[in-house]
Amino acid sequence: MKQQNILIAYDIQCDKARSRALYHLRKSALSYQDSVFELQLSPPNLQRLIRKLQPYISTNDTLLSVHFTPNACWQLGGGLPSLSGQFLVIG
């Protein structure tokens, strides 16, 4: 099955739960920064990862999963646009 480009971000309040989620995400991530991870996973593998993360997400926490195309340029927030169009700007 074809792999998809995925961006996963979390906001987990409990230190112990956050550490466990971090462990699972780092095993699959191509790259990461703090609580944002870039992954390439097939849909079944993404579902498995989400199921592994669910026990660590409480009602006050947030887990965001976004599919994106490899050459997409995104800008979130009020940061400056990417000059090259080759990377994600979060600001």
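The number of residues in segment 26-46 that are in a loop (DSSP other than H, G, I, E, B) and over 12 Å from residue 10 (Cα atoms) comes to 3. Number of residues in segment 47-63 that are open to solvent by 90 Å² or more (accessible area, probe 1.4 Å) and either within 10 Å of the chain's Cα centre (by Cα) or without any contact (Cβ under 8 Å) to a residue 40 or more places away in the chain (or both) equals 7. Filtering segment 23-46 to residues that are open to solvent by 40 Å² or more (accessible area, probe 1.4 Å) and under 12 Å from residue 5 (Cβ atoms) leaves 30, 31, 38, 40. Taking segment 1-21 as the range and being open to solvent by less than 40 Å² (accessible area, probe 1.4 Å) and either free of Cβ contacts under 8 Å to residues at least 12 places away in the same chain or farther than 14 Å from residue 54 by Cβ (or both) as the test, the residues that pass are 5, 6, 7, 9.
The values are calculated or read from the model by the stated rules, or taken from the named source; none is laboratory data. Remember, it's a predicted structure, so these values are computed and weren't measured experimentally. Heads up, the Cβs are rebuilt from the backbone with ideal geometry, glycines too, and the neighbour counts pull from every protein chain shown. What goes into the accessible areas is simple: the full protein's heavy atoms, side chains included, and nothing from ligands, DNA or RNA. Shrake-Rupley method; radii C 1.70, N 1.55, O 1.52, S 1.80 Å.
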